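Report on one structure; see the data block that follows.
All of the numbers you see were taken from the coordinates with simple rules; none came from a lab. All values derive from a computational prediction rather than experimental measurement. We place every Cβ from the backbone using ideal geometry, glycine too, and count neighbours over all the protein chains shown.
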Amino acid sequence: MIRFFIVLTLGAVALSGTVLGKSLELTKNARSIFIEEKPDWKMGKDLFGMPFIYFSPKKNGQRSNISFTDTGANLALDMKALADNQADFKKNKDAWAKTVGATTLEFSPYEVKETKLGHKIHQIGFSYKHENKIYFERSNYIECRGKIIFSKSLRLKENEKHEKDFQELLHGLDCGGV
Amino acid sequence: MKQLLALSLAFILTITSLMPLSAIAQSTSCENGECVQQMVDRLNDLTAVYKQQCLPKKELTDKEIVEYHEKNGLTEQCWKYITEITHLEAELQKHQTKLETHLGCENGECKGPDSLGDDLNSQLNALGKVEQGLSCNETKKQEIKNKCGDDLKCAFVSSGMGMVGYIAEKFVPASEKIPGCHMGDDSCATQLATGLIKSVYSFFEGAWDLLKAGGKYAGKKAGKFWKWVKGGDDHASTSQLAMAKASEDEGVFDMLMKDFTGTMSKLFEGLVAALKEWMKNDIFCEKWSAVPHFSKCEAPAAGFDCISCKGLVNGMCAITGIIIAEVVPAFLTGGMATAAKHGVNGAGKIAKLFSVSAKAMEAIKASRVGRVALGAATKVDDVIKVTKGLKIAKAAVEAALKAIKAYLMNPARKVLKTSLTALTELTKKGSVFLAETKTGKIIVFGGKALKTTGKIVIYPIDNPMTAWAFKAGERSFEKIFKLGAPKLVKASAVTSAITKIDPALESTLAKIESAKIPAKPDARKLLNLEEDLLAKVSPKRVGLLDDILASEKPNFDEIIKHLYPELQYGPLSSKLGAAKVLEAEKELLEEISKMANGPVKDELLKRFQMHVKSGQARNKIMGKLQIRPEDAYAGMKDVVVPEIKGPTLAKMMSDKNYGEIIIKAPVERRRSTAKALKLLENSGQSPSEAAATFQKFEKNFNHVLDKAPADSDSAAMLAEYIKRQRKAGVADEVIGTKLDDAFKEVCN
């Protein structure tokens, strides 16, 4: 397999001709994507092998976080196939939950959304209980100019506010440097 | 108290007589001094008894002790005590030497902790070091805990070096290289560290199977999407949950954000420490309060605390995959913050988060790590068992040595040693004799002692009594000493005269004396000795007797005992018979009678008469032959009894001397009475003397007259007997007594 070297560049971008605020260029191996920079959020790099994890301010004792990773895959996702087989995702997550001592609660069905810049986001999520805390996690597979960008968001149930931030970040994502 | 001591001693000596002196030590093993206390107890008892019975009660100086023994000698009983004591002391000192050697000491000085040898101290020191090396004390636990970081850091860094690409670069900055850390040394730790690193960093290293799809993502392959993304998606789930939890602590969160690599190294340490706790308190827990793995572990597995981190990881080598798959996620999501913050100190808390499948549990139990821990604990147990045994032995040896020392320092023993030294010195100084007395045998040291011993038999001791004699432990004099021929302590005129004719007879005389000492003498032995003496003496007896009688103060008893043994009316007399005895009596009497008149002769005659008076012993041998009137008559056939006719009787009745005597007698006995008076007159006595003699023995005459028929010559025969006795020099009192005894016998 040929490895694609991606450069994700963090920079300021203008979306639909409207300047919404500062942007972050996430660059890895010469390929970049751009996301909105949020006040008081912190960007972690190379944590657990993950190139970028963006952390919210602390709320209810924890920081919510969302990661951005270039999978290197170059393909267009088959929505029907993903929808038909989403039970696999559920099965995977039930198994994963056991490995960390968590219990899955609810699953958010697979759905596809389109960002402001016209990128498709394939979303699926679930909630789980871990050490008496309930988490909401969502996997986002973004079709970014033919490349698949993976993003996962995680928050405490009570940090619903950050869900909005996550959606803003995802919908504002610019695959310009990919 | 005295009785108690005597009883105690009796018991001691009884037991001792039943078994050899060393039997105490031999009957049971005395390797660790087991026999010592018993020996010391015996010694203390013996010392107390010796002090009480063999030395005066008052405290004596050393000089006075010497003088005391010089004057009083040493009884055989005391000899038994002191030889027993001496022998036991020698045995005790042998044990002391052996025990000191066994303990690793010499003359009270014990070997140092680094000494080598098979003695107890050396063995205990060596085992102490082994135990210290194996035992899991708090110091060692801390040492292992402290070392854990370096051990694992090396593995962690080595793992980084073993990987390619950016990970290696990130994990091994030049400054981070650890001296002496070689990858190859820690393959198992490296394997685990690599597994952890991969699980943390493998987002690009294969977890992301989506790449497998390549450009051919269509049809059936499209349906596998969720499976392809599983690795990457799950990794992100774990990592992001771990970071979300880490963010609860700003310090930990900052640490990870600023130096994730460095923090991971610390996390690795925490992981291993947590694994150790988990295995100790869960997987290998030896006792649960209720349901295993779901209740409290009441007996954590021994041996884990002191397994080094490297050792633990090596033991888990075969199950690294299980650890990574089933334990690490829980560690990252639940224990990372604790591990990052507290390192190995958070192990207990983190370990509680771990939970694995039953299959994984079995695999872990079957892994080498359990055997390693169990092996360590078993080794410690083995060493402790051996050490415990040696410590018990050491305590026993020390107690025995202490008992010996206490005995040796006992003040009573000092007196005893002084006494022993005094006795030894006295034996070297002069003649030593064994004296036999009625109260027992005594060792006397010549000079002063002999002067006070009186007339006893002594045996010169040919070989001097030496310390060897004491040490030999022989408790019977005869077994120790080569005794010379017995002697009499004091020579008398009689014994001197006898030994003059034959010096060898002194031994015979002494042996006779000795044979008479026991309460129940050996009659046969005595008889043989007396016969021997008599055989040698009798041919020259009259001459010897004359010499003795001519001496200044002849001793009648000595004459009888040594010169005329048959006149002791014992077994010898019986064997010889009455005739021989009578002959001897006659011989003795005649020789005494030949002496010049004077007080010496009178005394001897008196003693003779007293001696031959008819006592039971003599009567038994002699019978009543010589004093019965009939026998007397038979012996006096030549006696002419005067005839008394009527006119003579009348004339005598009117005589002023005889009249009253005759008239007083019954009519039928008057003639017999007159015969006796006339016989006395005919033998040279005047009528008044004859009347006086009759009156003196009137009781005896009346006795005869009462028993004899009327007109009998019996009274006259009695008169003849008296006359002859007088002529023989027998005192009237003696004659009277003899007659009284004789009539008493007859009447009875």
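For the reader, a short list of remarks on this structure follows.
- Shape category assigned to chain A from the gyration tensor of Cα positions, a/c cut at 1.5: oblate
- Karplus 3J(HN,Hα) series, Hz, for segment A:101-106 with 6.51 cos²θ - 1.76 cosθ + 1.60 (x for Gly, Pro): x, 10, 10, 6, 10, 10
- Alpha-carbon centroids, segment B:248-305 and segment B:589-621: separation in whole Å: 123 Å
- The stretch between residue B:575 and residue B:290 holds 92.1 nm of extra length on full extension. This uses 0.36 nm per residue minus the Cα-Cα distance.
- Point-to-point label distance, residue B:610-residue B:386, nm (Cα→Cβ direction, 7 Å offset): 9.0 nm
- Per residue of peptide B:246-259, the mean number of Cβ atoms on other chains within 10 Å of the residue Cβ is 3.
- Under-5 Å amide H pairs with residue B:75, H placed in peptide plane, nonlocal only: B:443
- MRE, 222 nm, helices only [DSSP H, n ≥ 4, -39500 (n - 2.57), over chain A, to nearest 500]: -5000 deg cm²/dmol
- Cα-based shape type of segment A:55-108, given that a ≥ b ≥ c are square roots of the gyration tensor eigenvalues and the cut on a/c is 1.5: oblate
- For the set B:98/B:391; A:38/A:152; A:93/B:145; B:57/B:98, the pairs lying more than 28 angstrom apart at their alpha carbons are A:93/B:145; B:57/B:98.
- FRET efficiency for residue A:132 and residue A:76, using Cβ-Cβ distance with R0 set to 51 Å, rounded to 0.05: 0.80
- Residue pairs, from the table A:129/B:352; B:656/B:723; B:245/B:365; A:58/A:164, whose Cα atoms sit over 25 Å apart: B:245/B:365
- Protection-proxy order for peptides A:49-61, B:346-358, B:405-417, each taking the mean of Cβ atoms within 10 Å per residue, highest first: A:49-61, B:346-358, B:405-417
- Global form of segment B:238-313, assessed from the alpha-carbon gyration tensor, a/c cut-off 1.5: oblate
- Taking 13 Å as the straight-line reach from the Cα of residue B:511, the aspartates and glutamates in range (excluding those fewer than 8 positions away in the same chain) are B:436, B:522, B:530, B:531, B:532.
- Amide hydrogen proximity for residue A:72: with H placed 1.01 Å from N in the peptide plane, the residues at 5 or more positions away or on another chain lying under 5 Å are A:148.
- Full-stretch length increase - residue B:686, residue B:227 - with 0.36 nm per residue and alpha-carbon distance subtracted: 147.6 nm
- For residue A:60, net neighbour charge (Lys/Arg +1, Asp/Glu -1) across residues whose Cβ lies under 12 Å away: +4
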